[in-house]
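What follows is a short report on a single structure.
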Amino acid sequence: MEAIGISISENLISVMTEKEKVFTSAIDAADNSTKTIRENLESDKIKVFYDAKPVIKELIKNGFKVNGPIFDIKIAEKLISGGEDQEKEKAPTVKELISLREKLVKEITKNNLVEVCKLEFDCIFAVVQMELNGIKLDAKKWQKLYDRYLAEQKDINEELQKEFGIENLNLNSPQQMLKAFEGQNIYLKSTSHQELSEYRGSNKVVDKFLEYRRVTKAIQSFLAPIPQYLDPENGRLHPSYNQLGALSGRFSCEGPNIQQIPRDDEFRECFIPDKGNKLIIADYSQIELRVAAEIANDETMIEAYKNGIDLHLLTASIVTGKELKDVTKQERQAAKAMNFGLIYGMGARGFQIYAKSTYGVVLSLKEAVNFRNKFFDAYKGIAEWHQKTDKMINVFEYRTLSGRRVIFDTQPGISTRLNVPVQGTAADIIKKALGELAQRSAEKGFRILATVHDEILLESSEKTADESSQELKKAMEKAGAHYLKKVPVLADAKIADSWAEK
């Protein structure tokens, strides 16, 4: 298939064919001189870019239409390198793009990266849509939440000043807080969340200080900065996504980072659709556990998922010896900590701390050891996968189920070696779904708004919301089935008036 090079420089767009014929014009789709360029952009030729996302965004903003397939030199180089950015002193010219692609195609084929390259290239169109569409924020509701948090921060500050009895105590100073806690007979190595979590639930001062930290973080990280990013014309946030933001292949996000918006309803209810529209929100059910079950070929987990059994209930049932129907909420919560903590090689002490700090489950070290042993006795495939991975010495390259590779300079720890293929495959699956949705969005009348790890948000009119919901669920489950052959993948989609309704 013929490939053409495309670049933008100084408000000019240039297109070069394989016959080295170059067409250049101003970036203005209404200009008659752009006819040949428009025809090339809309053709079925392979469009070769260096860093395609900003170029395609600029073209769309100026009235151009870009059809696939595309080839992104920058992304290809990063995939070949195993995660390292291959920054150049200057971007290649349009005349260099075709020859660069030819060299990279050989490397891609040689290193078995065809599948993951196509996955990433198809996903670019979804990323472009997410950044251009953005997501609407109810600014008045957000401001009320901000004001409430400021008042709450002030009240907690005053309460703690009295509790500690230290004049002008700076609650944000680790050194001052260590001394203040000593005065309460609480001796800490640091004021880290992990250290403080040891006292959670048993010391009111620590609980109040942790609440101060939570409120302060919300103010500084989300409530104060996010309104600065609002588009004054449409009241929407337009974050920037890096689709290779993590070594595993996960997205990162900035300007603002909506992936770190707290899951609390009070935050998420501020994200809404335009009038007459609905949000369509879907996430995967326990996707990383399902991926781990597939990679480890754990028969117990696989059978549970095939039979529609909640894995957290099953784990709780196994470690307590109870029937599934008799498992309590607290026991299921402890099992949730086990499932998400132990699949990545967490030791008993680490599991004990993780269970308390993340899920509020208090376990003695003896209980943590007992639960951990029972977990691996039940899930023998996971245990064997851990043992096999632990014995891999001087292995620096790891792959996901799409063939994405991650290369380390030195051998990473066991938790990283277990995590990368699982988290990376989960990223592969969500990107596969996004690529599919991007191809169907115009035809089906929905807009892709955002992705947050295992979650995708769309917006559509009220009339087409049901159809859009079905399309989202179908695309996500189809993407899961593409990579997971033994474990069924489920996505739960919901039509909503705010992000909080999921």
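Observations on the model:
- Each residue in H238, H193 was given a count of other beta-carbon atoms within 10 angstrom of its own, and listing them fewest first yields H193, H238.
- For region 440-454, the Karplus equation 6.51 cos²θ - 1.76 cosθ + 1.60, evaluated at θ = phi - 60°, returns couplings of 9, 4, 5, 5, 8, x, 10, 10, 7, 9, 6, 9, 10, 6, 9 Hz by residue, with Gly and Pro reported as x.
- In region 425-464, the GluC sites (Glu not before Pro) that fall in loop regions by DSSP, at most 16 other Cβ within 10 Å: E462
- Shape of region 426-479, Cα gyration tensor, a/c cut at 1.5: prolate
- Applying Stokes-Einstein at 25 °C and 0.890 mPa s to the Kirkwood radius of region 139-226, computed over alpha-carbon pairs, gives a translational diffusion coefficient of 178 µm² s⁻¹.
- Of the peptides 493-502, 11-20, the order by per-residue mean of other Cβ atoms within 10 Å, starting with the highest, comes out as 493-502, 11-20.
- Amide hydrogen proximity for V48: with H placed 1.01 Å from N in the peptide plane, the residues at 5 or more positions away or on another chain lying under 5 Å are I4, G5, I6, F71.
- Relative contact order [Cα under 8 Å, 6+ residues apart], region 333-481, whole percent: 16 percent
- [x] 23.5; [y] 25.5; [z] 22.8, with the label sought being that of the calculated Kirkwood radius over Cα pairs in Å: [y]
- Packing-based exposure ordering (other Cβ within 10 Å, fewest first) of R290, R236, R148: R148, R236, R290
- Beta bridges per DSSP with both ends in region 3-111, % antiparallel, nearest 5: 60 percent
- Ranked by how many other beta carbons lie within 10 Å on average, peptides 121-127, 424-430 from highest: 424-430, 121-127
- Region 287-375 shape via C-alpha gyration tensor axes, a/c threshold 1.5: oblate
- In order through region 496-502: 3J(HN,Hα) via Karplus (6.51 cos²θ - 1.76 cosθ + 1.60), integer Hz, x for Gly, Pro: 9, 9, 7, 5, 6, 7, 7
- Computed from backbone phi with θ = phi - 60° and the Karplus coefficients 6.51, -1.76 and 1.60, the 3J(HN,Hα) list for region 57-69 is 4, 5, 5, 5, 4, 9, x, 8, 10, 10, 9, x, x Hz; x is used for glycine and proline.
- Global form of region 109-162, assessed from the alpha-carbon gyration tensor, a/c cut-off 1.5: oblate
Every number in this text was worked out from the coordinates using simple rules, so none of it is lab data. Note that the coordinates shown come from a computational prediction; the quantities given were computed from them, not determined experimentally. Methodologically, a virtual Cβ is constructed for each residue, glycine included, from the backbone with ideal geometry; neighbour enumeration extends over all protein chains shown.
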